[in-house]
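> Just passing along the structure, written as structure tokens.
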Amino acid sequence: MRLIVAAHQARDREWIVELLRLALADAPEFIAAPTGESALAHWRQDPQRPQVLIAAPVEDLEPDALIRHMLDPTGITGCPVVMITPGHGRESGPALLRAGAQDYIGESWLSPYVLARAVENAGVRWAAERELREARHLLQAIVDGAGALVFAKDLQGRYFLTNQAWRERLGFDDEQAVGVTDDAVFGPSVAPAVRESDRQVLATGERQVAEETFWRNGQRVTYLASKFPLADAGGRRWAVCGVATDVTSLKEAQAALEARERALQTLADNTPDILLRFDAALRHVFVSAAVQGLTGRAPREFLGRGIREAGLPVSLCELWEAALRMAFHEGRPQTVEFRFDSPAGPRHLTGRFVPEFDPAGRVEQVLAVLHDDTERQRAAEDLRRRARVMARLADASRLIHASLSAEEIARVLVEQARDILGTRQAVVDLAWGDEPLQVVSCDHETPPWGDGRSADGWPGGSPARGQLTVALTNPRGKPVGQVRLADRLDGEFDADAEAVLVQLAAIASTSLENARLYAALRLADQRKTEFIAILAHELRNPLAPIRNGLEILRRKAELRDSAARARDMMERQLGHLVRLVDDLLDVSRISRGKIQLQRSRVNLQAVIDSALEATQATLDAHRHELALEQPHTALWTVGDYTRLVQVMSNLFNNAAKYTPTGGRITVQLRQKGREARIRVSDNGAGIPGSMLPHIFELFTQVRETLPQAQGGLGIGLSLVRQLVQLHGGRIEAHSDGLGLGSRFTLYLPLDDGGATAPADELAEAVLPGADTSSAGPAVASVLR
Ligand code: ADP
């Protein structure tokens, strides 16, 4: 060990050395330093070596300055220091101890023993102090290094220990922090609460963990503070120590998370869909409120439980488990449809099981969204049902409209109404004609007609399960009957059923009115036909004798010229009258089905020739040019020669009539497949397009060409068509419009030559007799 002895006086230095030599057992190495700087220089030469500085006053440095130069960063001198002070040393000694000296001795007390003990004690104290300082330094380093805020307060609430984080966060520097109180740290609004918690810690002696929230620089900060008391060896509590962690951002994150959770919960609870979340063990970890509506059970009854534990039906558990497993294993959403018998009745649901992934891409949970499809399916089914009913209504409408009599309409109506609305019984009552009409339809379970018929006319007795009645009306809204349905097979009669029956009744009402009109029309038509027949006969009968008379007159050679002209005129007019009457007779015969053909094998060229011959006079009178095209070989058909000539004459006559003088008429005969085609074309008045479809109807005349009709009645073409049809042929009319000519094309089946028509068909002649019987013999007698 080295003893550095600093003293200004050499005498003092030697004396100190002398005293120590006397008292110290092991003789140390003494180094004398006349100045403070030289003492420091000796000490600095080898700071590692154990040494002690014994300093009496020196001239270059004050005692405390000498000590300060030796202090290291922990505040302790580089080696034990013993100061020799003037006199007893009581005045300056304590200040030297505070400055860092380990001991002091007043020079009045100097003795070998005192000096030696002071040196030894200083060594021990210096070591202890150093240890303590190092420990404190270590503690401070640890405390400062901690991210948390560390502090200690005495019983008066004064901070005596704070760490760097505390000071930085709360805005104090090292010196300001010492002795400060919570009033200054947190402000008067928060300080009382902090003091109260300190008081509790001191009173109970227990650690307290509390959140402390206050505003700093306009921001809300929250600390999680753990406080505990410090007690001395005797157990007396003398300080409150605390560690506070800033949990502001944690709290904010937590609050944000909670807000999100709440928002999600609100969303989940207010969506009509049921949301369920399953963990990998297929347990419910989230269940939305809507589950109660379906199952009648609260969400908490499901939470933490597996599907089977939640008591769902086994078949459903199997279905869900399969979907969940697939979602977990394959990581793809799964969709299942299922039925659930809820307390409110059966429901149809669609479940979508959607996997949710963790950051590593593994399926962590599966979210199930269960959507109640019942209403949509019901609406779709309703729509389909209505469409079916509409289609059947359309069919029923067609069938009813196709019915021409009231009986038929009533029958179709009962059957269709019963069928469409599914009832056991249906009855239609009609006030029709003289007798009331009733049509009934009932299923085989209903007792047969008559047996169990009730007073109100139901075949199976009064209906047990409700009935539906709708009136049938005429166009003026007057009831003409009613349709009744009873005993619906499936459910009650509802507004839909009523709408359907009202619709059917409306269709039937219209058809009934049509049937009434149709019947009336038929009657009128029949009467008209009969009238025409009678009229024609009445007109025909006087014609034959008149013709005979004219014939007789013709033979009188002495007739004067004027009388001859009058007679020719009468003859022409009579011929015209005869043709008209004959046509009328034929029309009436055909419409009464009283015409029969005298069939034979007929050469069509011959027919055309005869018809041309018959109309030659008219053609000549109009100076028409005639072109005739015929094939080289004869074309044959089976038919009534006279009637076929009549057909062609009619066409030639029309062509001549409706073509202005000097026109051109073309007649063409050709074979077309198994048919003969005869075409009569002219370049005359033509027929407007709107009239073409009606031109073959009875009494049809084109208004624009009426002046050229020359006494026609609109009968000829109707007759032509009916005669052609009786021959198994057909006729078509074509015109490009008024003034653009007309073309009539007629097709007749060709006779193949081998097969001749049966004899009985050929032989017949049943033309009613009045005309032939009266005119024929009279003419014959005149001609003889
Ligand atoms: P009508 O005795 O009035 O000629 P038809 O039945 O023979 O009666 O013909 C019906 C109508 O068709 C005629 O009134 C006429 O307007 C029209 N018609 C017939 N043939 C011709 C034709 N070749 N050219 C123009 N119009 C024609």
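The values are calculated or read from the model by the stated rules, or taken from the named source; none is laboratory data. What you see is a predicted model, and the numbers here were worked out from it, not measured in a lab. Every residue, glycine as well, gets a Cβ built from its backbone with ideal geometry; the counts of neighbours run over all protein chains shown. Ligands, DNA and RNA are excluded from the accessible area calculation, which covers all protein heavy atoms including side chains. Shrake-Rupley method; radii C 1.70, N 1.55, O 1.52, S 1.80 Å.
> Semi-axes of the equivalent ellipsoid of segment 608-737: what are they in whole Å, largest first, if each equals the square root of 5 times a C-alpha gyration tensor eigenvalue? Write out the running numbers ahead of the final one.
Details: eigenvalues 103, 65, 39 Å².
Its equivalent ellipsoid spans semi-axes of 23, 18, 14 Å.
> Exactly which GluC sites (Glu not before Pro) in segment 606-708 are in a DSSP loop and have at most 14 other Cβ atoms within 10 Å? The partial results should precede the final answer.
Values: sites: 613, 625, 629, 675, 697, 704; in loops: 697.
Loop-located and lightly packed - 697.
> Turning to a different aspect of this structure: For a quick check: with amide H placed at 1.01 Å from N, whose amide H comes under 5 Å from residue 103's, ignoring anything fewer than 5 positions away on the same chain?
Correct list: 81, 83.
> Ordered by residue, what ³J(HN,Hα) values in Hz, to whole numbers, does segment 400-408 give under the Karplus form 6.51 cos²θ - 1.76 cosθ + 1.60, where θ = phi - 60° and Gly and Pro are x?
The phi angles translate into 5, 5, 6, 7, 9, 10, 4, 4, 5 Hz.
> Compute the accessible area per residue over segment 301-418, keeping the other protein chains in place, probe 1.4 Å, unit Å². Could you put the intermediate results ahead of the total?
Values: 6770 Å² over 118 residues.
Spelled out: the 1.4 Å probe surface of segment 301-418, per residue, equals 57 Å².
> Report the calculated FRET efficiency for residue 125 and residue 193 (r = Cβ-Cβ distance, R0 = 51 Å), to the nearest 0.05.
On the way: r = 44 Å, r/R0 = 0.87.
Computed FRET efficiency for residue 125 and residue 193: 0.70.
> How are the alpha carbon pair distances in segment 183-332 distributed across 5 Å bins from zero to the largest one, expressed in percent?
Calculated over all Cα pairs of segment 183-332, the distribution is 2, 8, 11, 12, 10, 8, 7, 7, 8, 9, 8, 6, 3, 1, 0 percent.
> Got the relative contact order for the chain handy, in percent, Cα pairs under 8 Å and 6 or more residues apart? Write down the numbers at each step before the final one.
Numbers: 1267 pairs, mean separation 41.0, N = 784.
5 percent.
> How much length, in nm to one decimal, is gained on full extension between residue 315 and residue 633, taken as 0.36 nm per residue of separation minus their Cα-Cα distance? Please list the in-between numbers first.
Working: separation 318, 0.36 × 318 = 114.48 nm, distance 8.78 nm.
Once the chain is fully extended between residue 315 and residue 633, it gains 105.7 nm.
> What distance in nm separates the two pseudo spin-label positions at residue 496 and residue 736, each 7 Å out from Cα along the beta-carbon direction?
Result: 6.0 nm between the two label points.
> Hey, another quick one. Place a +1 charge on the Cβ of each Lys and Arg in the chain and a -1 charge on the Cβ of each Asp and Glu, then give the dipole magnitude about the Cα centre in debye, rounded to the nearest 20.
Numbers: 91 positive and 103 negative charges, 841 e Å.
The dipole of the chain has a size of about 4040 debye.
> Now for a different question. Would you please give the residues with an amide H less than 5 Å from that of residue 77, counting only those at least 5 places away or on a separate chain, with H modeled from the backbone geometry?
72
> For the chain, what is the Kirkwood hydrodynamic radius in Å, using each pair of distinct C-alpha atoms?
Answer for the chain: a Kirkwood hydrodynamic radius of 43.0 Å.
> Between residue 364 and residue 215, what is 0.36 nm times their sequence separation minus the Cα-Cα distance? Round to one decimal in nm. List each step's numbers first, then the result.
Values: separation 149, 0.36 × 149 = 53.64 nm, distance 4.04 nm.
Full-extension gain reported as 49.6 nm.
> Mind giving me the nanometre distance, one decimal, between the label points for residue 10 and residue 700, set 7 Å out from Cα along Cα→Cβ?
16.8 nm
> Here's a follow-up. Counting only protein heavy atoms, what percent of the accessible surface of the chain is carbon or sulfur at a 1.4 Å probe? Intermediate values should be presented prior to the final figure.
Working: 23000 of 42820 Å².
Roughly 54 percent, rounded to a whole number.
> Calculate, in nm to one decimal, what residue 46 and residue 97 gain on full extension: separation in residues at 0.36 nm each, minus their alpha carbon distance. Write out the running numbers ahead of the final one.
Numbers: separation 51, 0.36 × 51 = 18.36 nm, distance 2.42 nm.
The residue 46-residue 97 span can extend by a further 15.9 nm.
> Considering the zone a paramagnetic label at residue 482 would reach in this model (a point 7 Å from Cα along the Cα-to-Cβ line), which residues of segment 506-532 have amide N under 12 Å from it?
So the set is empty, nothing qualifies.
> Another question, if that's okay. Of the peptides 469-482, 95-108, 247-260, how do they stack up when ordered by the mean number of other Cβ atoms within 10 Å, highest first?
Numbers: 469-482: 14.9, 95-108: 18.9, 247-260: 11.9.
The densest-packed peptide leads the list: 95-108, 469-482, 247-260.
> Can you pull the one-decimal nm distance between simple spin-label points at residue 616 and residue 263, each 7 Å off the Cα toward Cβ?
So the two model labels end up 11.0 nm from each other.
> If you scale each eigenvalue of the Cα gyration tensor by 5 and take the root, what three semi-axes come out for segment 80-217, rounded to whole angstrom and sorted largest first? All intermediate terms of the calculation are to be shown ahead of the outcome.
Numbers: eigenvalues 376, 52, 42 Å².
The answer is 43, 16, 15 Å, longest axis first.
> For residue 61, enumerate residues with amide H under 5 Å from its amide H, sequence gap 5+ or separate chain, H modeled in the peptide plane.
Excluding prolines and chain starts, which carry no amide H, the hits are 36.
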